[in-house]
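Reading through the structure tokens given below for one structure.
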Amino acid sequence: MSSIEGGRVESGRLCVAEGSGWACGRSSERHTFTGRLCSAHYAQLRRGRDLAPIKSRIAEQASYRPCQFDGCGRAVRATGLCTAHYNQRRAGRPLSPLRKRRDNGVYRAMVESGIIACLGCGENKPVSEYSVLNAAGAPRPYCKPCNAERVRLSHYNVTKEFLELLLRYQGGNCAVCGTADAGGRGVMHIDHDHACCPGRRSCGECVRALVCTKCNLYGLAWYESLPPSLRTFDWLNSYIHNPPAKRLREELAAPLRE
């Protein structure tokens, strides 16, 4: 039977699970809720099992092959990529680093200090720069501007990395008029096909391009409100039927078909 006696743990933050010839010593930031056990040993305890050594990480197994994305280190699932990066490629998105989870203990300490490192921009900002997450008054892990951007991305079902790649694909300019001036709040609008997804929320596949404020609110809105017989501008028709985002997705998906 394994022992979970305390008294030998530095700062009370390491897992105290041990047995004959082994001791865990993994990080246990939630030690006050898990009986000073790491999450894996706490799960063993909850299932009524004797505490036993956690199996070696997948990187130590003979069959392990690392994901080809630089710095990932997760195990390959298909086409040389881990599950998360493989799904990014299948969705036609640019491969990007995966967000690391932040330990609850670290976040609580930041809240208590009054300064939180935003998970979006990475800047240290006072708690007042974060909106409230729940009725308990806990602040969100993203500052107000970053959270607003996350909501926008969610509405259009795209990633920040895809929009950055799309803007570079467009040469940094509006996909309709070619201006570099976004207008409005200085951020290019996400244009999508309302015939596919009426309203502001998009399936993601019908996102067409990034456009300036004038083209989004006046040019495209006016043109697409016309009867089909009056839509005689070839360059606008070409944009609508074969937009930059569609061409970019096809280029990103090409390696999957090879």
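The values are calculated or read from the model by the stated rules, or taken from the named source; none is laboratory data. The shown structure was predicted, so the numbers you read here are calculated from the model rather than taken from an experiment. Quick reminder, even Gly has a Cβ in these numbers, built from the backbone with ideal geometry, and neighbours come from all protein chains shown. For the accessible areas, the whole protein counts, side chains as well, though only heavy atoms, and no ligand, DNA or RNA atoms are used. Shrake-Rupley method; radii C 1.70, N 1.55, O 1.52, S 1.80 Å.
Quick notes on this structure:
- Restricting 92, 105, 12 to those that are open to solvent by less than 70 Å² (accessible area, probe 1.4 Å), modelled with pLDDT under 75 and touching a helix residue (DSSP H, G or I) at 6+ places or on another chain (Cβ under 8 Å) reduces the list to 92.
- Within region 128-163, the set of residues being farther than 19 Å from residue 116 by Cβ and in contact with a strand residue (DSSP E or B) (Cβ under 6 Å, 6 or more places away or on another chain) comprises 156, 158.
For every residue, the table says whether it meets (1) of a type in the set (Phe, Trp, Tyr); (2) over 21 Å from residue 93 (Cα atoms).
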residue: 170; (1), (2): no, no
residue: 188; (1), (2): no, no
residue: 197; (1), (2): no, no
residue: 203; (1), (2): no, no
residue: 229; (1), (2): no, yes
residue: 239; (1), (2): yes, no
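- If you check 221, 254 for being hydrophobic (A, V, I, L, M, F, W, C), exposed (fewer than 11 other Cβ atoms within 10 Å of the Cβ) and either under 30 Å from residue 80 (Cβ atoms) or modelled with pLDDT under 90 (or both), only one passes: 254.
- Every residue from region 123-149 that is touching a residue at least 24 places away in the same chain (Cβ under 8 Å), surrounded by 15 or more Cβ atoms within 10 Å (Cβ to Cβ) and part of a helix (DSSP H, G or I): 146, 147, 149
- Single unsatisfied condition, residue 203 versus (1) more than 20 Å from the chain's Cα centre (by Cα); (2) open to solvent by 30 Å² or more (accessible area, probe 1.4 Å): (1)
- Pairs where the first residue, in region 218-242, is in contact (Cβ under 8 Å) with a residue 12 or more places away in the chain and the second is among the hydroxyl-bearing types (Ser, Thr, Tyr), C-beta under 7 Å, 6+ apart: 236/223
- Residue match in region 131-153 (condition: of a type in the set (Val, Ile, Thr), at pLDDT below 90 and touching a Lys or Arg at 6+ places or on another chain (Cβ under 9 Å)): yes
- Any hit, region 178-200, residues being modelled with pLDDT of 90 or more and assigned to a helix (DSSP H, G or I): no
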